[in-house]
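**Q** What follows is a structure written as structure tokens; I'll ask about it next.
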Amino acid sequence: MSLKGSPDWSQPVKAGGGEMYFAHEEPRRIYAPPLDLRVAVEPGGAPALALELIRLTGGADGPHVFGLLTIRFASHFAIAERQESVFLEHPDARVEPLIPRGGFLRFQAAAALDVPEELLTPKPLVWAGAGALTFAAQLGEAATALLNDALTNGMVTVTALAEVDALGLSSRANARVRFNPAALAPMISAAAVNGGSTVEAITAVLMGLGDTPAFGFIGLASNADKLAAAQACAERVIAHYGCLAPAADPASGPVFVIDTAAMLDGDVTWDLSDETLTPRGFVLASNPLETARQAAANDFRLTRDAPVVPFATGLHVLSIYPNLPARRVGVLMLSTEVRVRPFLPDRPQTVSASALFRDGDTTRTLPLRLSPAEPVAFDYQTVAFVTGAGGAQRLTGPVLRHEGLHLTIAPASFPVRFLRIESTPALLALATLHISCKGKRGDAAWSAEAGLDAATPSLAIAVPLDVAEGTLSVMATSHDHGRTLRLDTRPLDDCWLDLSSFPTAGPAMAEITCAFDDSAGLAAIECAPEDRLDETAAIGLVRLTPAMPKREWRWLVTNPLRDGFCWRWFRNPGEPPAPWSGRVDPAIGPLTLTSSARTSVSGEVEGVR
């Protein structure tokens with residue numbers, strides 16, 4: 001399988017407030033990891049953050065309150081700013097987002113603030129497709145009270161820190177390594193800190209090993225070669241045996257837990273020049289409670305009361321999070337059925353319950369009455385009603401097992417594939433998006449359509465599992481002049497849309513030529529992007545001479561729906577500026593001028609394409 005186009009960890013770019021990476025074998029593409037995580041926006045403009053308060057009443061020591069906290073995060077890439085930062089050095093390169101695939105999130109606060117330990121403990125940050133990551137956790141009484149106070153009274157002294165990872169191409173070295181994984185495992189374990197290892201720590205272990213029957217590099221010529229080989233080998237150890245884990249100190253960087261039990265006895269040889277995908281971790285800051293404070297100031301209510309649950313012996317309240325945007329297209333109804341097997345001899349009967357998710361619902365709670373001594377463990381199955389050729393169809397997912405009071409439903413649990421589509425506010429501020437999906441279900445056609453705008457920046461389209469030959473197309477329509485722009489049709493897959501998603505965004509180039517048909521020794525024009533004619537910094541000067549009658553002008557397109565440029569003849573200082581031309585489309589061909597047309601008798605600017 002070709003890994004062309006993958007982020008290449010060995011080709012970093014230092015610009016734009018952080019490290020970025022060239023794409024493998026594609027020098028005109030640069031991947032930008034997120035700079036931080038921000039709370040996503042729900043339809044209507046509310047932040048995708050909610051704290052559901054669940055009260056148990058009737059107990060001997062009074063009512064108890066616990067909470068279900070859900071947050072959907074959107075990665076913040078600042079593509080436009082980072083594109084501008086690399087433009088001078090790499091004028092042909094497009095900056096694209098590097099989407100993280102999941103990780104962990106923990107809250108943090110000043111030492112003087114008494115924060116419950118469960119808030120400071122890392123919890124899973126689950127990939128939700130289309131650039132989104134979700135956090136959902138059931139919290140105890142103390143943590144719920146603190147967050148409720150933060151959301152209702154505006155306390156913002158608690159922030160958050162996320163550890164995420166993404167896949168890219170590992171470092172490479174012109175060498176091979178032979179080793180016994182079982183012999184290497186205890187050495188890696190000994191160098192781990194609280195069970196976590198970094199690439200640097202594993203590299204140091206490998207650098208300290210001499211050439212033995214259990215380990216050795218082949219093809220090295222110097223210590224520098226050994227260091228490069230050790231790093232390439234360390235990254236491959238993580239790729240084969242490791243996974244991202246919460247760090248004891250995230251400020252020191254992400255760590256990976258190495259599954260030493262999987263490092264079996266035997267002889268292994270790796271070619272370190274091979275192309276191998278390996279994860280790389282990133283630590284991202286977030287401030288969801290500041291977002292909540294701003295939302296509360298705009299009268300958004302982020303806490304809600306669930307129905308009061310009467311206390312009873314053996315009562316448990318299960319929280320279910322379907323890990324989907326609030327808006328869902330193509331599904332009439334979505335539910336989860338829960339069944340708790342008999343627990344003999346205390347409870348001989350099966351306990352059943354179901355949670356219904358209507359469009360807009362993102363969480364549900366279910367009370368389960370079990371025997372006092374039994375653990376919380378149950379089977380669950382998702383159900384979806386979709387429109388079929390003969391009317392509504394009931395589809396069921398696999399029966400799965402879960403332990404614990406909180407369930408985040410994985411994508412594979414659904415009887416349909418939810419296609420997650422999300423757009424950034426920057427794109428939706430300029431255009432509305434029309435999404436069209438097509439495919440076949442047997443001999444019948446299948447299709448679904450939806451739209452994204454500033455009020456609905458994300459959605460999920462239910463795609464039946466038997467849809468074949470599926471395609472997705474996106475059309476953007478500009479707010480100001482109605483111009484439309486289509487993305488190339490693509491296979492049905494999660495879609496994160498930004499200004500940078502369109503091929504007309506990013507670096508642009510126009511060829512300008514001048515035919516010198518008079519005695520002029522110089523013809524100079526000013527060029528500017530069509531949407532930034534009044535920005536002095538965006539105007540460029542192009543000088544043409546009989547010796548060099550052809551030039552290139554390069555600029556950055558920040559609005560892909562307005563990707564043209566305008567030009568005017570350069571006037572000397574003190575002269576009134578010439579008027580701008582109409583829009584020039586760089587895709588049509590070179591801009592061709594004649595030197596004699598610089599000024600007509602009336603003083604107006606003339607020029608021809």
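The values are calculated or read from the model by the stated rules, or taken from the named source; none is laboratory data. This structure is a prediction, so every number in the text was calculated from the model and none was measured. Cβ: placed from backbone, ideal geometry, glycine included. Neighbour counts: every protein chain shown. Accessible surface is based on the protein model in full, side chains and every heavy atom, while ligands, DNA and RNA are left aside. Shrake-Rupley method; radii C 1.70, N 1.55, O 1.52, S 1.80 Å.
**Q** Could you give the length gained by full extension between residue 294 and residue 572, i.e. 0.36 nm per residue of separation minus their alpha carbon distance, to one decimal place?
**A** Full-extension gain reported as 95.1 nm.
**Q** Which residues does the label zone of residue 377 cover in the stretch 312-351, counting backbone N under 19 Å from a point 7 Å along Cα→Cβ?
**A** 314-319, 338-351
**Q** Moving on to the next point. Leaving out same-chain residues fewer than 8 places away, which lysines sit with a Cα under 23 Å from that of residue 14?
**A** 4
**Q** Quick one: work out the % antiparallel among DSSP beta bridges in the chain, nearest 5.
**A** Around 85 percent antiparallel, to the nearest 5.
**Q** Quick one: Kirkwood hydrodynamic radius for the stretch 205-291, alpha-carbon pairs, angstrom, one decimal?
**A** The answer is 15.4 Å.
**Q** I want to check the label-to-label distance for residue 552 and residue 536. Put each point 7 Å from Cα in the C-beta direction and report it in nm to one decimal.
**A** Between residue 552 and residue 536, the simple spin-label model gives 2.9 nm.
**Q** Computing the accessible area with a 1.4 Å probe over protein heavy atoms, can you report the carbon and sulfur percentage for the stretch 493-571? The partial results should precede the final answer.
**A** Numbers: 1610 of 3300 Å².
Of the solvent-accessible surface of the stretch 493-571, carbon and sulfur hold 49 percent.
**Q** What do you get for trypsin sites (Lys or Arg not before Pro) in the stretch 432-467 restricted to DSSP loop and a cutoff of at most 13 other Cβ within 10 Å of the site's Cβ?
**A** Qualifying residues, ordered by number: none.
**Q** Roll a 1.4 Å probe over the protein chains and send me the accessible area per residue for the chain in Å².
**A** 45 Å²
**Q** Any idea what the relative contact order of the stretch 465-544 is, in percent, if you count C-alpha pairs under 8 Å spaced at least 6 apart?
**A** 18 percent
**Q** Right, here's the next one. Return a whole-number percent for the relative contact order of the chain, with Cα pairs under 8 Å and 6 or more residues apart as the contact set.
**A** Computed over the chain, the figure is 11 percent.
**Q** Also, quick follow-up: So if I take the centroid of the Cα atoms in the stretch 407-461 and the same for the stretch 533-583, what is the distance between those two points in Å?
**A** Between the Cα centres of the stretch 407-461 and the stretch 533-583 lies a distance of 40 Å.
**Q** If I ignore ligands, DNA and RNA and count only protein heavy atoms, how much of residue 70 is accessible to a 1.4 Å probe, in Å² to the nearest 10?
**A** We get 10 Å² for residue 70.
**Q** How much length would be gained if the chain were fully extended between residue 88 and residue 488, taking 0.36 nm per residue of separation minus their Cα-Cα distance, in nm to one decimal?
**A** Working: separation 400, 0.36 × 400 = 144.00 nm, distance 2.86 nm.
So the extension gain works out to 141.1 nm.
**Q** Then there's this: Can you spot the aspartates and glutamates whose alpha carbon is less than 18 Å from residue 226's alpha carbon? Ignore those fewer than 8 places along the same chain.
**A** Here the aspartates and glutamates satisfying the reach criterion relative to residue 226 are 200, 211, 235, 271, 274.
**Q** Now for a different question. What are the radius of gyration and Dmax of the stretch 1-147, computed over its Cα atoms and given in Å?
**A** According to the Cα coordinates of the stretch 1-147, Rg and Dmax are 20.6, 71 Å.
**Q** Assuming 0.36 nm per residue, please report the length gained on full extension of the stretch residue 592 to residue 223 beyond their Cα-Cα distance.
**A** Between residue 592 and residue 223, full extension yields an extra 127.1 nm.
**Q** So, one more: Apply the a/c threshold of 1.5 to the C-alpha gyration tensor of the stretch 144-186 and tell me whether it is rounded, prolate or oblate.
**A** prolate
**Q** Per residue, what volume in Å³ does the convex hull of the Cα atoms of the stretch 317-364 enclose?
**A** 72 Å³
**Q** Here is a further query. Would you mind getting me the FRET efficiency between residue 455 and residue 191? Use the beta-carbon distance for r and R0 = 35 Å, nearest 0.05.
**A** 0.10
**Q** Tell me which residues come under 5 Å, amide H to amide H, from residue 341 once H is placed; ignore anything under 5 positions away on its chain.
**A** 379
**Q** Here is a further query. With n ≥ 4 as the cut-off for DSSP H runs, can you work out [θ] at 222 nm for the chain, using -39500 (n - 2.57) per run divided by the number of residues, rounded to the nearest 500?
**A** Calculated from helices alone, the mean residue ellipticity at 222 nm is -4000 deg cm²/dmol.
**Q** Moving on to the next point. At a Förster distance of 45 Å, what's the computed FRET efficiency of residue 2 paired with residue 212, Cβ-Cβ distance as r, to 0.05? Before the final figure, lay out each step's value.
**A** Values: r = 36 Å, r/R0 = 0.80.
Computed FRET efficiency for residue 2 and residue 212: 0.80.
**Q** Give the longest segment of the chain that steers clear of GluC sites (Glu not before Pro) in DSSP loops with at most 11 neighbouring Cβ atoms within 10 Å, not counting the sites themselves. Show your work: numbers first, answer last.
**A** Values: sites that count: 89, 535, 604.
Formally, the longest exposed-site-free interval is 90-534.
**Q** Under the definition of Cα pairs under 8 Å and six or more residues apart, what whole-number percent is the relative contact order of the stretch 232-317? If you can, show how the numbers build up before the last one.
**A** Values: 50 pairs, mean separation 21.8, N = 86.
Answer for the stretch 232-317 is 25 percent.
**Q** With +1 on each Lys and Arg Cβ and -1 on each Asp and Glu Cβ, how big is the dipole of the chain about its Cα centre, in debye rounded to the nearest 20?
**A** 960 debye
**Q** Moving on to the next point. Mind giving me the FRET efficiency for residue 401 and residue 182? R0 is 22 Å, r the Cβ-Cβ distance, nearest 0.05 is fine.
**A** Result of the calculation: an efficiency of 0.10.
**Q** Still on this model: In the stretch 224-317, what percent of the accessible surface is made up of carbon and sulfur (1.4 Å probe, ligands and nucleic acids excluded)? Working shown, then result.
**A** Values: 2260 of 4500 Å².
With neighbouring chains kept in place, the figure for the stretch 224-317 is 50 percent.
**Q** Rg and Dmax in Å for the chain, alpha carbons only: what are they?
**A** Rg, Dmax (Cα atoms, Å): 29.4, 106.
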